[in-house]
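Chemist: What follows is a single structure, and I will ask about it in a moment.
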Amino acid sequence: MRHTISVLVENKFGVLARIAGLFSARGYNIASLAVSETLDPSISYMTIVVEAKDEKILEQIMKQLNKLIDVITVTDFTKKEHVERELVLVKVDYSAKEKAKLEAILQKYVGKIVQHKDDTAVIEAVGKEQQIKQLLESLRQFGVKELIRTGKIAIEY
Amino acid sequence: MTGAQILIESLKREGVAVIFGYPGGQVLPLFDKLYDANFNFILVRHEQGAAHAADGYSRATGKVGVCIATSGPGATNLVTGIATAFMDSIPMVAITGQVKTTLIGNDAFQEADITGITRPITKHNFLVKDIKDLARIVKEAFYIASTGRPGPVLIDVPLDIQQQEAEFIWPETVEIRSYKPTLFGHPGQIKKAAKLISQAKKPIIYAGGGIISSGATLFLRELAEKIQAPVTWTLMGIGAFPATHKLSLGMLGMHGTAFANHAITDADLIIAVGARFDDRVTGRLDAFAPKSKVIHIDIDPSSISKNFRVDVPIVGDAKNILGELLEQIKKSPDTSSWIKEVEALKKKHPLKYKDGEKIKPQYVIEQIDEVTKGEAIITTEVGQNQMWAAQWYKYNHPRTFISSGGLGTMGFGFPAAMGAKMGLPERMVFDIAGDGSIQMNIQELATCVCNKIHVKIAILNNGYLGMVRQWQELFYKRRYSHTCISGPDFVKLAESFGAVGIRVTKKEDVRKAIEKAISIDNTVLIDFHIEPEENVYPMVPAGSAINNMISGLA
């Protein structure tokens, strides 16, 4: 099962390595990771998405995360009400004959063109996992040249 | 003050008296200041010896052990010692030199990313990037090492930080917002535990190293006596409960007593305190204590239900929780028929060995026990020597059995003995060694002789890497692949270091040799030539249920 975990940590060098180490030492791949400073610049907020092959191992990782001296709190959003979003940037073919079709799709889904030059447009989309997935599938026909994702961020409410 | 002076002043403020270490290029400013400082500094002959000695010092005294090494190879040589302390939750502070901050990451001479290397084997580590942080870091390092579930902490101090000048500001208190160990158990959980205990018919206490690190031995004894529950312990829990007590069952697990393994299999309630259901204890998990409810008391939440199911988990310090639990148990269970059952198990499956013409290792340890009246501090190496030392010496006090439990580090016992003796100079300290293990840190004979650290070493010399040979005998058709190991002439070797060597080849000379070793005011190595293919029994084959033991005596 896929878990979205948030970790509040001291904003110091080495902290990310400690956290990543707990996953890698158990052969767990981090599906996505987003890190940034919070309102308090001495604290960073991490959103980690991980595929748990074994829930017991994930429980152990959560406990180990909590044990790290630099970790302030750990929350598994999987069982909690929360809002989650991801930002993607997609470079697609923007030739004259495809323009109208592309714009129609963008109206339907969450994306918008933020930059275009010659035959290429950069689309920005912010949304939930499912929305992003739908958009990317429908963009495939235009020839996706490049795709960058921030990874998921999540907030409790 | 310079960084080196700040470091030394901080160590003084932490009450450090003994330091084990080895100099080098990137700790020159520190060593220059150590020249004038009043520490009892023990120059080891290999940095691994320093780490194990600091660890042994800590295990014997309960204080934080301190070791110092230079950058690069000095630091990496500490690694095994740090990992050993980490696995057994031993408070220790390791200080390493590092190349100048401006050179870090440049593959400078003797540079190693030691904070990176030790990240998974320390409780925490620090790289000092600003001299203004140094005093606070030392304070935090000692605090982190010694509180909660204890463990080793490493401080990496670059050369230029040691040389820079700053004002010395000592933080009197520590405030780490992200580190707040749970010390007191949840009252509701303790009540639940008390209720389970009152209802139990066949309770058993399973005691681990946490009892010793928390200083809870008296409470443990009170609990056992109050509820009349037999007590078994892990390798790390040796000394947590008196071996000669009538409720004592000895060690459980792979080489535990048969009666302890049978008793825990039959129990209806396990009270686990400061133990972590390690695979060497449980054997095959689905067959471990199948009829039992489980109360698990541990300071580390990640130990709870890591390996084994639990009915009532209680997170906190063992001493606090046991104290509270004792008050909450209003009605002690009636365990008289259970105690009779356990007594019968003890009679039916005693711990025994077949004595013979040749010197049996078990006999050697019994003799050491008798001569020292069970009052020595015993350290061990790893393998057969360790298991025999665990089985045949009667430990009645905490901190008298010092052994690498979790990591199983060969070469640990001798430097650890050195550390223990430095911490408690008035005590008799014996390292029970194998001929393989002792060769791994034999260089510390020079340290012992030079500093008059008069420990005694008993080598159980069988010419084999005995435990591996035993497994090869039992599970690999006696194909002794690279386990026959030759050693030096240990007597001459001891003499060449300025120590005393005694060789014993006859059973009747065993006791005399031990008495002689104790009477000599020097480091003494006794080379006991024992039965070469003696095995450690009972034994639970890996992956078997723990009540399914090979006795070897049939």
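Chemist: To the nearest Å, what is the center-to-center distance of region A:25-49 and region B:472-539, using C-alpha atoms only?
Modeler: When both Cα centres are located, 54 Å separates them.
Chemist: Per residue of A:58-70, what is the mean number of Cβ atoms on other protein chains within 10 angstrom of that residue's Cβ?
Modeler: Taking the mean over all residues of the peptide, I get 4.
Chemist: Return the whole-Å distance between the Cα centroid of region A:78-93 and the Cα centroid of region B:112-171.
Modeler: One Cα centre to the other: 39 Å.
Chemist: Going highest first, how would you order B:291-298, A:62-69 by mean Cβ packing within 10 Å?
Modeler: Per-residue mean Cβ counts within 10 Å order the peptides as B:291-298, A:62-69.
Chemist: What percent does the relative contact order of chain B come to when contacts are Cα pairs within less than 8 Å and at least six residues apart?
Modeler: 14 percent
Chemist: Let me check against my output: what whole-number percent is the relative contact order of region B:437-554, with C-alpha pairs under 8 Å and at least 6 apart?
Modeler: About 31 percent, as a whole number.
Chemist: Quick one: angle between helix A:15-24 and the longest Cα principal axis of chain A, in degrees between 0 and 90, rounded to 10, please.
Modeler: In chain A, helix A:15-24 runs at an angle near 90 degrees to the longest axis.
Chemist: Could you pull out every residue, at least 5 positions away or on a different chain, whose amide H is within less than 5 Å of the one on residue B:293? Hs are placed 1.01 Å off N in the peptide plane, and Pro or chain starts have none.
Modeler: The answer is B:269, B:270.
Chemist: Take peptide A:10-17, look around each residue's Cβ out to 10 angstrom, count Cβ atoms belonging to other protein chains, and average those counts.
Modeler: Across A:10-17, the average partner-chain Cβ count within 10 Å equals 2.
Chemist: Still on this model: Can you tell me the relative contact order of region A:2-79? Whole percent, Cα pairs under 8 Å, sequence separation 6 or more.
Modeler: For region A:2-79, the relative contact order is 48 percent.
Chemist: Using a 10 Å cut-off around each Cβ, can you sort B:186, B:255 from fewest to most neighbouring Cβ atoms?
Modeler: Fewest-to-most Cβ neighbours within 10 Å comes out as B:186, B:255.
Chemist: Over 21 Å between C-alpha atoms is what I'm after, so list which of B:246/B:354; B:246/B:340; A:56/B:319; A:67/A:152; A:12/B:132; B:180/B:330 land there.
Modeler: Result: B:246/B:354; A:56/B:319; A:67/A:152; B:180/B:330 exceed 21 Å.
Chemist: Moving to a separate point now. Whose amide H sits under 5 Å from the amide H of residue B:95, counting only residues 5 or more places off or on another chain, with H placed in the peptide plane?
Modeler: B:67, B:68, B:69, B:155
Chemist: Using the crude model of +1 on Lys and Arg Cβ and -1 on Asp and Glu Cβ, and no other charge, please compute the dipole size for region A:83-156 relative to its Cα centre, in debye to 20.
Modeler: Dipole magnitude for region A:83-156 comes out near 140 debye.
Chemist: Can you tell me the orientation of helix A:129-139 relative to chain A, as the angle in degrees between its alpha-carbon axis and the longest Cα principal axis, to the nearest 10?
Modeler: 30 degrees
Chemist: Per-residue HN-Hα couplings for region B:147-160, Karplus 6.51 cos²θ - 1.76 cosθ + 1.60 at θ = phi - 60°, whole Hz, x for Gly and Pro?
Modeler: Per residue, the Karplus-derived 3J(HN,Hα) values read 10, x, 7, x, x, x, 10, 10, 10, 9, 10, x, 4, 5 Hz.
Chemist: Quick one: if the Förster radius is 41 Å, what FRET efficiency do residue B:13 and residue A:55 give, using the C-beta to C-beta distance and rounding to 0.05?
Modeler: After rounding, the FRET efficiency stands at 0.35.
Chemist: Based on the alpha carbons, how large is the Rg to Rh ratio for region B:329-429 when Rh follows Kirkwood?
Modeler: Rg/Rh: 1.08.
Chemist: Per the Debye formula with a single identical scatterer at each Cα and no solvent contribution, what log10 I(q)/I(0) holds for the protein assembly as shown at q = 0.06, 0.07, 0.08, 0.10 Å⁻¹?
Modeler: With one equal scatterer per Cα and no solvent, log10 I(q)/I(0) is -0.42, -0.56, -0.71, -1.03.
Chemist: Once R0 is set to 30 Å, what does the formula 1/(1 + (r/R0)^6) return for the Cβ-Cβ distance between residue A:30 and residue A:114, expressed as a FRET efficiency to the nearest 0.05?
Modeler: 0.60
Chemist: How much length, in nm to one decimal, is gained on full extension between residue B:452 and residue B:291, taken as 0.36 nm per residue of separation minus their Cα-Cα distance?
Modeler: Between residue B:452 and residue B:291, full extension yields an extra 52.6 nm.
Chemist: Which order do B:379, B:244, A:47, B:505 fall in if you start with the one that has the fewest other Cβ atoms within 10 Å?
Modeler: B:244, B:505, A:47, B:379
Chemist: I need the phi-derived Karplus couplings for region B:232-240: 6.51 cos²θ - 1.76 cosθ + 1.60, θ = phi - 60°, integer Hz, Gly and Pro marked x.
Modeler: Going residue by residue, I get 10, 9, 8, 4, 6, x, 4, x, 5 Hz, with x marking Gly and Pro.
Chemist: Treating only the Cβ of Lys, Arg, Asp and Glu as charged (+1, +1, -1, -1), what charge dipole size does region B:3-163 show about its Cα centre? Round to the nearest 20 debye.
Modeler: Rounded to the nearest 20 debye, it is 440 debye.
Chemist: With θ taken as phi - 60° and the coefficients 6.51, -1.76 and 1.60, list the Karplus ³J(HN,Hα) couplings across region B:305-317 in order, rounded to whole Hz; mark glycine and proline as x.
Modeler: In residue order, the calculated couplings are 6, 6, 10, 9, 5, 9, 9, 10, x, 10, 9, x, 6 Hz.
Chemist: If you fit an axis through the alpha-carbon atoms of helix A:99-108 and take the longest principal axis of the Cα set of chain A, what angle between them do you get, 0 to 90°, nearest 10?
Modeler: Roughly 40 degrees between the two axes.
Chemist: Another question about this same structure. Mind checking which of B:205, B:265, B:52 is farthest towards the positive end of chain B's charge dipole, using Cβ charges of +1 (Lys, Arg) and -1 (Asp, Glu) about the Cα centre?
Modeler: Highest projection toward the positive end goes to B:265.
Chemist: Pull up all non-local amide H partners of residue A:120: gap of 5 or more, or a different chain, and H-to-H distance under 5 Å with H placed in the peptide plane.
Modeler: Amide H to amide H, under 5 Å and 5 or more residues apart or across chains, residue A:120 pairs with A:94.
Chemist: Normalise the Debye intensity by I(0) for region A:2-79, one equal point scatterer per Cα, no solvent, then take log10 at q = 0.18, 0.21, 0.26, 0.27 Å⁻¹ and round to two decimals.
Modeler: Once normalised to I(0) and log-transformed, intensities are -0.66, -0.91, -1.40, -1.50.
Chemist: Let's see if you can work this out: charge +1 on each Lys and Arg Cβ, -1 on each Asp and Glu Cβ, no other charges. What is the dipole magnitude of the protein assembly as shown about its Cα centre, in debye to the nearest 20?
Modeler: 2040 debye
Chemist: Let me ask another. How big is chain B by the Kirkwood estimate over distinct Cα pairs, in Å?
Modeler: Kirkwood hydrodynamic radius for chain B: 24.3 Å.
Any read-out appearing in this document is the output of simple, stated calculations on the displayed coordinates, not a laboratory observation. Computed from a predicted model, the values in this text were never measured in an experiment. Counting neighbours? That spans all protein chains shown, and the Cβs are built from the backbone with ideal geometry, glycine included.
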